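Presented below is the structure to which this report refers.
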Amino acid sequence: MNILVCLKQILDPEIPARDFRIDPVKREAERGTANLVTNIFCENALETALQFRERTSDATITVLCYGASTAEDSLRKALAMKADAAALVVNDGNQNPDPLTVARVLAAAIRKLGTFELIMVGREAGDWGAGQTGGLLAEELGLPCVSFVDRIESSDGKLRLKRQTDTGWELFEAELPVVVSITNDEHNVPRIPKVRDVMMSYRQPLTQWKLDDLDIASDEARAGNTYYEVAKLSIPLKETHCEFVTGDTLDERVEKLAKCIVEVTRAL
Amino acid sequence: MNDVVIGVFASGGFDKAAQGLVGAGRRLADSLGSRLHVVLLGSAALTVADDFARVVDTVIIVDQAEYEPETCLSALTRLCVELLPRAVLLANDTYSQEITPRLAHRLGGSAVGDGVEVHIDGEALCVSRQVYGGKAQAVIELKRKPAVVWLRARSFSPANPRATTGEIRQAVLDVPADTRTRIIERKREASGAARLEEARVIVSGGRGIGGSEPFEMELKPLADLMGAQMAASRAACDAGWVPPTWQVGQTGKKVTPDLYLAIAITGASQHMAGISEAKNIAAINTDPDAPIFKHCRFGIVEDYRKVVPLLREKLVALQK
Amino acid sequence: MNPAGPTRQIYWNISQIWVMYFLLLPTVAIGIYGVYLRFSSWRRGAPAARFDHPAARIKLVLKHAIAQRRTARNRYSGVFHQFISYGFVILTIATTVVALDADFGTAIMRGNFYLYFQSFTVDLFGALVLLGVAMAAARRYLKRPKKLVYTDEATLILVAIFVICLQGFLVEGWRIAATNDPWGAWSPFGNLIARASRPWMSVAELQWAHRGMWWFHLAVSFGFIAWLPYTKMMHVLTAPLNIYTANLGPLGASLKYIDFENTETFGVNSLNGFTWKDLLDLDACTECGRCTDVCPANAVGKELSPRDIILQLRDLKDLGFRNSDFGLQKEALPVMGQLSGVHDANRKDAAGGPSQSAIRNPQPAIIGAVPATSPAALWQCTTCAACMEACPVYIEQMPKIVDMRRYLVMEEADFPDSMQQAIMSLEKRGHPFSGTNATRLDWAEGLGVKQISETKDAEVLLWVGCGGALVERNQKVTRSTALLLEQAGVKFAIMGREEKCSGDPARRIGNEFLFETLAKENVENLNKYEVKKVITSCPHCFNTFKNEYPQYGGRFEVYHHSEYLARLVDEGKLKPLSQLKEKITFHDPCYLGRQNGVYDAPRQLVQISAAGKTVEMERSRAKSFCCGGGGGMSFIDEPASQRVNQERAREAIETGADVLAVGCPFCMTMMEDGINARKGERDIRVRDVAELLWEAAKPRGTDE
């Protein structure tokens, strides 16, 4: 089975809020002290794919990214985690393309890479959090889509997909090919690559394409804003003053805490 | 056509989410000077139709079968092709979230999600939403028509009932079932996690809880005393201590309680993104510099293991 | 037959002496073969450069193999060991004298030399050997210290030595009695035996007994010589050799570097992954147990035992060359018991084929092959190097633990979750404190400290370190240090946001690759700003900069903040204006004290700051007991009953001091936690030496 996993490289979303700055003119976050990391849900997807391959032992995993040239590091890390092949489409245009642009570029790259039975994405990215790539990619490729999946099993040439809902979960049976978006789960925490594999990953081949190499309207892709655009970006100022309960003993302090709680909830 | 359509998967009844959604739709339709239709899907559609009819122009019952994404998507698409709305609004449940971008694509429109505010700006429809894990606020301008948007429905105020009741009709759509995917098993958690978004009081635990036992042995009795629902941060869910349905945050539930008691939760922005609408936040945490305290009304710097048992005692005494 | 002048007839009463020479052949052959086996087992190891600076090495041998200074740290043991070892030296010389006289015709065993040396001195030392063995036996079997290894071999060795010397005296005594030796009194102990035997044994009986005992003595002695290289007695040869080839640098410079491009396996999981010096270490061990005795993890009940790591690896090594296939045989491991979960180099990889490491490394795995090298034990080490400091023969236990950690981390990515968090945080954010919301400049708020990118006239770089910047309690230490430097008029700057972790936690946890990456980046950065002098309040950064960065082109003058501040006091640039009245005790950080020899500077600061008494803990200076935070251990949750820091806290509290002075951010955290856990016992504050000095030196009326 040929599996394709899409990755996105983003600014580390876990820098302290105090260090987070935006450029209101460019309407994007400033790099600042943040490193570039692979989006966690994309890593969850890759980890799910790796575990699936371990169970079925008859699958190849290709990782694909549409991003700046720095995204090569994310792909190398995926190779170090033992993905089989990697491809990068270098974005030389709008560095925050809209979701449809991303889906079109990925779809074109996927068609160029070959046929895949299972295409996986993370449910959303930690920066813009649009959460549309999976659905739009499915539409571009004319495939069905199952979202918020956390478990994949093989079953008689089809897939059994367990996905999370707000009230519990649902088990899907899906024919191949299918697009799947992955959400986090206790079982798909991404593995740490072995140092040796990290070293080897930089010696493995990596396909690199420019937008012009793909069968799409590359100028429109470079503009990246025919679907939607960020009109305004701001950091909301929101500070409340926290009243820390005081007291000489723990007993006194917890007593005050209890009173605060009762005060707020008594209104119910 | 300038009408607004709201799509509802009716299993939730005419709850706060549905009401908020209708409110948003009504105000948008009014600003466009157009009509508001609601499309009901799901087995409960018939039972709630009347509630919707009081506040919208038309209630269209599409299908009463259990939800199947491919089939429902096709049905909604067919209907929207007929209605040609300016905007389609949905709520933030799982089905709405997954259908939104695909519906937009099929209609040649633009989608965006997690909107907390919607308005028309000239030709474009603009939606405000949190981005960067809750650290920033963006206004997204949707370029194509129709705009398909899923909203944080409970953040919107309901619409006033109208003088006239809307029309209810059944849609007859000839949509073949798409069996490329099908749901073979559904599980609804019995614990009442569905009500988390409706909960007025929430007791939530984070990475600092340290295991699944304390959730059961320490936090649950406290929640019961407070009449609260239980929730957790992503870290606790990823560790397997609690079910994923308890997760509150950017990619979890968005809650709007009167009191959110955060126990051993640092307060990373991705978590705060889920509780930004909480009226009061309180925290128990050993770290006085934890970001959660910047959003709290009150709090205590102490190990929860020392506080919670004592707190339960105090609450029992105060409740007498 | 008494020839003229003091002497004795060699081989009196003994005939067929050719038998002795004949038996010498197999004895020597077996003995040499034993030595050869050991030697060839070392040669299987990787190269190591340990023959430079011969003068220094010889000095080390004189001090520790000859004078046995470390052995003598335990007075009682030192004494009996010297009795036995020096006794054997004298006895060997005596035997050589006999051989020179008997076989080479050198008339040396005559006259005053015969009387004073060959008779009296030899007798005295022979008796000392007996006394030494008795003392050793008393300790081993009456006192029963836990750190000793109780094997049949150990008992047999003591018995053999005792018997040999006793036999010697019997032979001597019966000869003296039977020949009425006029010089007999010059051999006082032999003479005693002669006097005791004469009354009830006839000359014929004496001759018969003497002859029998002589041959018996020969059998046992030859047996002992042949047997020696196969037992821990081998340390007679291997210990001096091990001391000669010791690491001449400070303990902080004990870890090896890896040439990543040209190394087959990262870290060690097989015997030939070690260097020949590592393997020599295994054979130099005398089973004294002092390393385990001082190990802080072992002291609080954890399973880590440096002694057992060495001895069980040694046993694995011996198995290896007895079984030429290198396969391990269960039946042949009586001492170690069952094979625990072997960290098998033959493990399968994700796709079911043999793992890459198995293909490259077809040797039996050593991690987990024996109880002492189980991963659980390996992850308990704080890398404090107390084991190395205690070892009388300079065995390097801790680097072997780190070598095995390297394998687990870099080849298998198999290490504790909390350490994984620290590593991931290091990779992503350049510091190990996953989840912190502090930033590198928080501590400097309001201080007007310059960043090195903004200023050209800084004389010295204040390297803050991750602990000093991101851990709230330690930010106060950094502030105190900065304020003191400012007060003294020192022009200093900080790296600010450009500062990245020195890499020490990565290195100690075993991710040498990440360490190298961080080290190279930091060195490049510092060289870019032409930094020459570095001050840091963290001994781990201090050690890394001083001993490890030169490998990557970073040559800086590195000072611990206590050293630099002490110098400022000496130069009169800092003066205490008031003094604390409390009693203070100082906890030596392992990476500053034992591993780098800096003991006095922090004490100087304590003395200056305190008018009250200072008191030393019993385990101080080189013997300091680790706080438990090194080696990545501060990122681990230890079981409540096995906390190293609580044990040290107990010791600090028992001094009766009011203040525990520290000089390290890890020690600060661990000791505050340890003391808090023992709350109610005594009120003792933890303060860094810089904080104490600032309290004493700050201008009156300052809030801070």
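Which log10 I(q)/I(0) values, to two decimals, does region C:566-674 give at q = 0.12, 0.16, 0.19, 0.23 Å⁻¹ under the Debye formula with one point per Cα?
The Debye formula, applied to the Cα set alone, gives -0.43, -0.73, -0.98, -1.29.
Given 4 °C and 1.567 mPa s, compute D for region A:131-268 with the Stokes-Einstein relation, Rh being the Kirkwood radius over Cα pairs; round to the nearest whole µm²/s.
59 µm²/s
Region C:177-255: D in µm²/s via Stokes-Einstein (Kirkwood Rh, Cα pairs, 4 °C, 1.567 mPa s)?
77 µm²/s
Place a +1 charge on the Cβ of each Lys and Arg in chain C and a -1 charge on the Cβ of each Asp and Glu, then give the dipole magnitude about the Cα centre in debye, rounded to the nearest 20.
Computed about the Cα centre, the dipole is about 1560 debye.
Taking only the alpha carbons of region A:103-158, what extent do you get along each of the three principal axes, in Å, biggest first?
Principal-axis extents of region A:103-158 (Cα, largest first): 38, 28, 16 Å.
State, to one decimal in nm², a quarter of the convex hull surface area for the C-alpha atoms of region B:4-171, i.e. the direction-averaged projected area.
8.8 nm²
I'd like to know which of A:Val262, C:Ala652, C:Pro432 lies farthest towards the positive end of the charge dipole of the protein assembly as shown, counting +1 on Cβ of Lys and Arg and -1 on Cβ of Asp and Glu.
With unit charges placed on the Cβ atoms, the residue in question is C:Ala652.
I'd like the distance separating the alpha-carbon centroids of region B:216-258 and region A:225-259, in whole Å.
When both Cα centres are located, 18 Å separates them.
Please find, in a Gaussian network model of chain A (springs between Cα atoms separated by less than 10 Å), the residue of A:Glu139, A:Glu14, A:Glu28 whose mean-square fluctuation is greatest.
Maximum among the listed residues: A:Glu14.
Can you give me the solvent accessible area of C:Tyr116 with a 1.4 Å probe, rounded to the nearest 10 Å²?
Rounded to the nearest 10, the figure is 130 Å².
Ranked from the most accessible area to the least, with a 1.4 Å probe and all protein chains present, what is the order of C:Tyr11, C:Tyr21, A:Tyr227?
Final ranking, largest accessible area leading: C:Tyr21, C:Tyr11, A:Tyr227.
For chain B, what is the per residue volume of the convex hull drawn over the alpha-carbon atoms, in cubic angstrom?
147 Å³
Along Cα→Cβ, 7 Å out, is where each label goes; now give me the distance between the ones at C:Lys146 and B:Arg305 in nm to one decimal.
2.5 nm
Please report, in debye to the nearest 20, how large the charge dipole of region C:633-704 is about its Cα centre when each Lys and Arg carries +1 at its beta carbon and each Asp and Glu carries -1 there.
I would put it at about 120 debye.
Just name one of B:Ala278, B:Ser233, B:Ala290: the one whose Cα is farthest towards the positive end of the charge dipole of region B:196-319 (beta-carbon charges, Lys/Arg +1, Asp/Glu -1).
Ranked along the dipole, the leading option is B:Ala278.
Could you give the distance between the Cα centres of region C:643-690 and region A:116-149, to the whole Å?
Taking the Cα centre of region A:116-149 as reference, the centre of region C:643-690 is 54 Å away.
Just from its helices, what would the mean residue ellipticity at 222 nm be for chain B, if runs of 4 or more DSSP H residues each count -39500 (n - 2.57) and the sum is divided by every residue, rounded to the nearest 500 deg cm²/dmol?
-8500 deg cm²/dmol
With the cut-off at 56 Å, report for the protein assembly as shown the share of all Cα pairs above it, as a whole percent.
35 percent
Might you list the cysteines of chain C that have no disulfide-compatible partner by the rule of another cysteine's Cβ under 4.7 Å?
Result for chain C is C:Cys165, C:Cys285, C:Cys288, C:Cys295, C:Cys381, C:Cys391, C:Cys466, C:Cys501, no neighbouring Cys Cβ within the cutoff.
Among A:Lys26/A:Lys210; C:Lys256/C:Lys302; B:Lys135/C:Lys500; C:Lys491/C:Lys613; C:Lys59/C:Lys147; C:Lys573/C:Lys679, which pairs are too far apart, with a Cα-Cα distance over 31 Å?
C:Lys491/C:Lys613; C:Lys573/C:Lys679, as the Cα separations exceed 31 Å there.
So what's the projected area for region A:61-139, the Cα convex hull averaged over all directions, in nm²?
5.2 nm²
Report the calculated FRET efficiency for B:Glu277 and C:Glu264 (r = Cβ-Cβ distance, R0 = 51 Å), to the nearest 0.05.
0.30
Return the unpartnered cysteines for chain A, using a Cβ-Cβ cut-off of under 4.7 Å.
So, A:Cys6, A:Cys42, A:Cys65, A:Cys145, A:Cys260.
Could you pull out every residue, at least 5 positions away or on a different chain, whose amide H is within less than 5 Å of the one on B:Leu125? Hs are placed 1.01 Å off N in the peptide plane, and Pro or chain starts have none.
B:Leu142
How large is log10 of I(q)/I(0) for region C:437-521 at q = 0.16, 0.17, 0.19 Å⁻¹ when the intensity is taken from the Debye formula with one equal scatterer per alpha-carbon?
Scattering profile of region C:437-521, log10 relative to I(0): -0.66, -0.73, -0.87.
Mean Kyte-Doolittle hydropathy of -0.5 or higher plus an axial Cα length of 18 Å or more: which whole DSSP H helices in chain A meet both?
A:40-56, A:99-113, A:250-266
Which aspartates and glutamates have a Cα lying under 13 Å from the Cα of B:Lys314, excluding residues fewer than 8 positions away in the same chain?
Answer for B:Lys314, where 13 Å is the Cα cut-off: A:Asp251, A:Glu252, A:Glu255, listed by chain and number.
Using 7 Å Cα-to-Cβ label points, what is the A:Ser154/B:Glu123 separation (nm, one decimal)?
Going by the 7 Å Cα→Cβ label model, 5.1 nm.
Mean Kyte-Doolittle hydropathy of -0.5 or higher plus an axial Cα length of 30 Å or more: which whole DSSP H helices in chain C meet both?
Result, helices passing both filters: C:18-43, C:75-104, C:152-179, C:203-227.
Give the distance, in whole Å, between the Cα centre of region B:102-166 and the Cα centre of region A:43-64.
36 Å
To the nearest 10 Å², what's C:Trp227's accessible area with a 1.4 Å probe?
The accessible area of C:Trp227 comes to roughly 80 Å².
Under 5 Å between amide hydrogens, which residues at least 5 positions from A:Ala231 or on another chain qualify, with H placed 1.01 Å from N in the peptide plane?
B:Val139, B:Ile140, B:Glu141
Restricting to the protein assembly as shown, what percent of DSSP beta bridges are antiparallel, rounded to 5?
Close to 30 percent.
So for C:Lys533, A:Lys256, what's the accessible-area order with a 1.4 Å probe, most first?
A:Lys256, C:Lys533
As a check on your grasp of the helix formula, calculate [θ] at 222 nm for chain C: sum -39500 (n - 2.57) over DSSP H runs of n ≥ 4, divide by the residue count, round to the nearest 500.
-14500 deg cm²/dmol
Can you show me the helix-derived [θ] at 222 nm for chain A, built from DSSP H runs with n ≥ 4 at -39,500 (n - 2.57) apiece and divided by the number of residues, rounded to the nearest 500.
Rounded to the nearest 500, the figure is -9000 deg cm²/dmol.
In debye, nearest 20, what is the charge dipole magnitude of the protein assembly as shown about its Cα centre with +1 on Lys and Arg Cβ and -1 on Asp and Glu Cβ, if you could check?
Taking the Cα centre of the protein assembly as shown as origin, the dipole is about 3780 debye.
Share of Cα-Cα pairs in chain C beyond 51 Å, in percent?
26 percent
For A:Leu4, what residues show an amide H to amide H distance below 5 Å, using hydrogens built from the backbone and excluding near sequence neighbours?
Under 5 Å from the amide H of A:Leu4 lie the amide H atoms of A:Thr62, A:Leu118, A:Ile119, A:Met120, each far enough along the sequence or on another chain.
When chain A is modelled as a GNM with alpha-carbon springs shorter than 10 Å, which of A:Met200, A:Met120, A:Met81 fluctuates the most?
Of the options given, A:Met200 has the highest mean-square fluctuation.
Select from chain B the helices, each a whole stretch of DSSP H, whose alpha-carbon atoms run 18 Å or more along the helix axis and whose Kyte-Doolittle mean is at least 0.0; answer none if there are none.
B:16-32, B:69-83, B:304-319
Treat chain A as a sphere of radius equal to its Kirkwood radius over Cα pairs and apply Stokes-Einstein at 10 °C in a medium of 1.306 mPa s; give the translational diffusion coefficient in µm²/s, rounded to a whole number.
Using the Kirkwood radius from Cα pairs, D works out to 77 µm²/s.
What number results when the radius of gyration of region B:196-319, computed over Cα atoms, is divided by 2.2 N^0.38 Å?
That works out to 0.93 for region B:196-319.
Please report the accessible area of B:Asp30 (heavy atoms, 1.4 Å probe, ligands and nucleic acids excluded) in Å², nearest 10.
About 100 Å², ignoring ligands and nucleic acids.
Which lysines, on any chain, are close to A:Lys162 with Cα under 25 Å apart, when same-chain ones fewer than 8 places away are left out?
Straight-line reach from A:Lys162, under 25 Å: A:Lys8, A:Lys82, B:Lys187, B:Lys253, B:Lys254.
Leaving ligands and nucleic acids out of the surface, order B:Ile140, A:Ile22 by accessible area at 1.4 Å, largest first.
I get A:Ile22, B:Ile140, largest accessible area first.
The values are calculated or read from the model by the stated rules, or taken from the named source; none is laboratory data. Please read these numbers as outputs of a predicted model, since none were measured by experiment. Virtual Cβ from ideal backbone geometry, glycine too; neighbours counted across all protein chains shown. For accessibility, only protein heavy atoms count, side chains too; no ligands or nucleic acids. Shrake-Rupley method; radii C 1.70, N 1.55, O 1.52, S 1.80 Å.
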